[in-house]
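All remarks here apply to the structure that follows.
The values are calculated or read from the model by the stated rules, or taken from the named source; none is laboratory data. Not measured: the values here are computed from a predicted model. Here the Cβ positions follow ideal geometry from the backbone for every residue, glycine too, while neighbour counts run over all protein chains shown.
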């Protein structure tokens, strides 16, 4: 472009482009504004004049009525000088209201007042009809043309108090007087119209500039071509187009987009969120992010979506969206979704099936996972050896597994119930699956039951262990479990998959999946899922089988290590219970050990951990407690010996590469003496003791808590208390009190209330009551519970003598003891008892130290006790043929049921027991 043309272009740019659409629109706007302003001014003037006439009629009538009804008017008109009384009032009313005349006249039509004084006393004038109506006392308002010009007159009658017509009031005004007010406002109206014209022209100018910017100064031909292009995009292009504003409202949408998105015809201007699109599409369109070929489902289509921003520098950022129908990708998408669902199913199955180590629970987990996501009905059947914890061995036929779990089957379903044994013929799919070790797929024959009585056929894609192996014949109805095949078909079952549960080459059972007519039958793709579920289940079933076997072994071991029965003794009536831990057998134990002197030792212990090691350790500790009890040592001393033993065992295990420590075991040891009623208790660790007295009082004795066994370093403390007869001692491990969601304190409160509520229960009933009321719903550990109701040996069953330290005293004491035995009715035992008493007393006098005492106790057995002040233990030895002595203890051992020695703080006691009643 030349430099001379540039100034011309610049001058032209300052003028309206009359050829452009914007310029033509500007001229039309100016003409339209002029016409509208002129019409508005004329209409306002005409309206003002019309309203002036109406206002004149209303004003004259209002003034006439007000004056006619004013107080004193009727009295003035009835007076002698009405004119002088009314003239001033009438003139004031005329001036105040702005009317031209206020005329008062009497019944004859004679004016009493008038703005022009010469007309007072003359008759009223006007159209005959008007005058006649006024004289007849009618209220009228009428327009007419008078000599002064068009006027409006209103007349109102004046009546006396008794309603007598006295005259009237006529008020008149010229219409020109009213229009003069309008004429005075006309310049203001014209000025307002001119101002509106200027404002409208300014607005049109601004609008013209805006339109010119938006149309870019295009002419009509250019706009036509642009419209044709726009129309082609809206109606011809086979790609959906949407244009969104910055606030995400729909500005433009073409036909293809309407069809793809299913939009209504009136959707322009709506917000994207109000279009009824799927949430994922709505989120995409409102996010403002740039998207390229992102696939989204809409209705029955898959749409490829592209989003681009339309924002320019300084302008709000809208967006344009293009849509393409990619429904052909549906197959691939469906396959991807199916693959994703299968992965989720298998992942969830792996987690849920492996969450338990119980055989039935494992089978139920598989059923829960498979129904209804994979099958409508599912069943898991395990071979009998698996249920016993054993490993099945082939051959597996005849196949008769145990139906362990069934899911998805209604009450009337044609399936064998859980717990039943199912016997399969060799040609059934279940037998084939177990025999070949492969999956079998069967589908209902779509042509009916003619080809096969069962209506089932072997699918051509049925998997075999060897693809080249010959296929078995389809199963016949008679070869299925009785009636099951027919009932399956009658209930709409149309396909099944049966998979053997195999692990390490061993068949553990089988899983069968059914689908009904309401669902697509199983196909090849489902076989891989069924097999994967079976593989994971088989691993978990084998783990559960091994765990069941180990649990059975541990339970059997612990059963043999715990007391098979409680010994008979005179000190207390005893009952005990043991409950395994929820997760398996642990190391709690109890024991009742009869002690000499009509005493009994009550023991409750706990070994940390579970399983075989805990059971074995429990057995070792129980044996050690029995051995230490045989030495008849106090409870604190026995726990000290047990503590040393645990520490020694731990040192041995620590030296082994895979040794397991047993430090931390607990034990509570109590000794009850039925002669004195004394009870001494010591404990290590957390086993507890509760005491219920016969009067219903319940106490938790403050037994000092010593460290668990094996820690060493601190002595064990003993606490002693006296018990009346029929007191209940409750020894327990913490599994009785503690559980999930319950503390030891809460458990102790329950224990107190339970013992106080039923003070008369015997030991067995007490155990049952405590397990029902105190045991937590979900115990955290195993429970050992021991309940003893104490007995006291009456004074009539006890005889004691002091023995002089002289051998000559043996014979008299022997005679006294014989007399007491006869008094007790024990004539049959006198001879034996005399021999034992003689030997024990003689031995104490020869080898012991004073003081010497003898005591006889009558209970289940006759107990002879001889105590002395020496701590030297007697020992039985073999006497030579030529020896004159040394055979006393040998005779004691031969004639006594048992004998022994126990130590006291003051020496020792040598005792011997003789059975009564021929035992």
Open item on the list: Quick check on the stretch 595-604. Is at least one of its residues modelled with pLDDT of 85 or more and within 40 Å of the chain's Cα centre (by Cα)?
Closed with: no
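What number of residues within the stretch 680-693 satisfy the criterion of being in a strand (DSSP E or B) and over 13 Å from residue 603 (Cα atoms)?
Residues in the stretch 680-693 being in a strand (DSSP E or B) and over 13 Å from residue 603 (Cα atoms): 3 in total.
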Open item on the list: Give me the residue from the stretch 726-758 that is assigned to a loop (DSSP other than H, G, I, E, B) and under 32 Å from the mean Cα position of the chain (by Cα) and, out of that set, nearest to residue 792 (Cα to Cα).
Closed with: 737
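Quick grid of which residues meet (1) more than 22 Å from residue 586 (Cα to Cα); (2) in contact with a helix residue (DSSP H, G or I) (Cβ under 7 Å, 6 or more places away or on another chain); (3) assigned to a helix (DSSP H, G or I):
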| position | (1), (2), (3) |
| --- | --- |
| 695 | yes, no, no |
| 701 | yes, no, no |
| 712 | yes, yes, no |
| 716 | yes, yes, no |
| 721 | yes, no, no |
| 724 | yes, no, no |
| 760 | yes, no, no |
| 769 | yes, yes, yes |
| 776 | no, no, no |
Open item on the list: With the requirement that a residue be assigned to a strand (DSSP E or B) and either out of contact with any strand residue (DSSP E or B) (no Cβ under 7 Å at 6 or more places or on another chain) or free of Cβ contacts under 8 Å to residues at least 40 places away in the same chain (or both), what does the stretch 503-516 give you?
Closed with: 503, 506
- [ ] May I ask you to list pairs of residues, at least six apart or on different chains, whose Cβ atoms are under 9 Å apart, with the first in the stretch 341-364 being under 22 Å from residue 383 (Cβ atoms) and the second being assigned to a helix (DSSP H, G or I) and modelled with pLDDT under 80?
- [x] 357/551
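Suppose the filter is closer than 29 Å to residue 572 by Cα and in a helix (DSSP H, G or I); does residue 818 pass it?
yes
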Open item on the list: residue 263 - would you say it is part of a strand (DSSP E or B), more than 38 Å from the chain's Cα centre (by Cα) and buried (at least 17 other Cβ atoms within 10 Å of the Cβ)?
Closed with: no
TODO: Of all residues in the stretch 705-714, count the ones that are surrounded by 15 or more Cβ atoms within 10 Å (Cβ to Cβ) and without any contact (Cβ under 8 Å) to a residue 60 or more places away in the chain.
DONE: 2
Task: Filtered residue count, the stretch 365-386, keeping only those that are touching a strand residue (DSSP E or B) at 6+ places or on another chain (Cβ under 8 Å) and free of Cβ contacts under 8 Å to residues at least 40 places away in the same chain - done: 3
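So that you can scan it fast, the table gives a plain yes or no per residue for (1) within 23 Å of residue 848 (Cα to Cα); (2) touching a strand residue (DSSP E or B) at 6+ places or on another chain (Cβ under 6 Å):
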| site | (1), (2) |
| --- | --- |
| 806 | yes, no |
| 811 | yes, no |
| 817 | yes, no |
| 820 | no, yes |
| 829 | no, yes |
| 836 | yes, yes |
TODO: Look through the stretch 619-637, keep the residues that are out of contact with any helix residue (DSSP H, G or I) (no Cβ under 9 Å at 6 or more places or on another chain) and outside any helix (DSSP H, G or I), and return whichever of them is farthest from residue 670 (Cα to Cα).
DONE: 632
Open item on the list: For residue 56, only one of the following conditions fails: (1) out of contact with any strand residue (DSSP E or B) (no Cβ under 8 Å at 6 or more places or on another chain); (2) assigned to a helix (DSSP H, G or I); (3) modelled with pLDDT under 80. What is its number?
Closed with: (1)
TODO: Starting from residues that are surrounded by 13 or more Cβ atoms within 10 Å (Cβ to Cβ) and farther than 17 Å from residue 725 by Cα, keep the ones in the stretch 693-703 and report whichever is nearest to the chain's Cα centre (by Cα).
DONE: 700
Open item on the list: Going residue by residue through the stretch 755-777, is there one that turns out to be closer than 30 Å to residue 646 by Cβ and without any contact (Cβ under 8 Å) to a residue 12 or more places away in the chain?
Closed with: no
TODO: Residue by residue through the stretch 835-857, note down the ones that are part of a helix (DSSP H, G or I), in contact with a helix residue (DSSP H, G or I) (Cβ under 9 Å, 6 or more places away or on another chain) and surrounded by 17 or more Cβ atoms within 10 Å (Cβ to Cβ).
DONE: 835, 836, 837, 838, 839, 840, 841, 843, 845
Task: Single residue of 892, 830 found to be at pLDDT 85 or above and not assigned by TED's automatic domain parsing to the domain that holds residue 598 - done: 830
